[in-house]
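The values are calculated or read from the model by the stated rules, or taken from the named source; none is laboratory data. Keep in mind it's a predicted model, so treat the numbers as computed, not measured. Because the Cβ atoms are built from the backbone with ideal geometry, glycine has one as well, and the counts that use them run over all protein chains shown. For accessibility, only protein heavy atoms count, side chains too; no ligands or nucleic acids. Shrake-Rupley method; radii C 1.70, N 1.55, O 1.52, S 1.80 Å.
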Amino acid sequence: GEGVGGDGAPCFRYVLGEEYARVQGMYAACVASYDPNTIMGLLGRYPWCVDGLLQMAEVFRGTGELDRAAEMVERALYLLERAWAVGFKPFEGLCHMRFAVPANRSFFVALFRYHQLLSRRGLHSTALEVAKLLLSLDPYSDPMVGPPARHSTPR
């Protein structure tokens, strides 16, 4: 899908098909079970479940299997890239994507985790470029940080 941002640049969003929405429901049930094996089983049947890949990346990262975590994030990014509209050219900086659109959030999360993985590998220049890409997608907010911390000032 496409619209126009406040600066006139096209604003894109992912559109989830019926089959993907059905698999997302199964993914939600797997998450509710608190058993990573159910997510791996789901990925065995539906290897294109992006949220499942990102969740397993976190499981692998938590167990110290950083190579497997990186593989899951890279697979998720590959799948998300395959779904890009012809006019979506984020590397040119002339298009946007809102984090507020629920279907877009997986892309932001995947890019953020990829940024972290690159930094852990010592590829700081590449990680910086990914961070700049991430910020350029939604220039009206920084979706990967929470609200600003309140600081008390001495009287």
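In the chain, the calculated helix contribution to ellipticity at 222 nm averages -17500 deg cm²/dmol per residue, counting -39,500 (n - 2.57) for every DSSP H run with n ≥ 4. Charges were assigned to the Cβ only: +1 to each Lys and Arg, -1 to each Asp and Glu. The resulting dipole of the chain about its Cα centre is roughly 360 debye.
The radius of gyration of the Cα set in the stretch 46-137, together with its Dmax, comes out at 13.1, 39 angstrom. Shape summary of the stretch 16-62, radius of gyration then Dmax from alpha carbon positions: 10.0, 32 Å.
Only the Cβ atoms of Lys and Arg (+1) and of Asp and Glu (-1) were treated as charged; on that basis the dipole of the stretch 25-106 about its Cα centre amounts to roughly 260 debye.
Solvent exposure of the chain, expressed per residue, is 61 Å² of accessible area, with all protein chains present and a 1.4 angstrom probe. Our summary of shape: the Cα atoms of the chain have principal axis extents of 48, 45, 34 Å, ordered from largest down, in whole angstrom.
Note that the stretch 38-84 carries a Kirkwood radius of 10.5 Å, evaluated over its alpha carbons pair by pair.
Placing unit charges on the Cβ atoms only, positive for Lys and Arg and negative for Asp and Glu, gives the stretch 62-116 a dipole magnitude near 260 debye about its Cα centre. Stretching Phe91 away from Leu16 to a fully extended chain increases their span by 24.7 nm, per 0.36 nm per residue minus the current alpha-carbon distance. Working ranking of peptides 21-29, 120-128 by packing, defined as the average number of other Cβ atoms within 10 Å per residue, highest first, is 21-29, 120-128.
If R0 is 22 Å, what FRET efficiency do you get for Leu123 and Glu65 from their C-beta distance, rounded to 0.05?
On the way: r = 19 Å, r/R0 = 0.88.
The calculated FRET efficiency here is 0.70.
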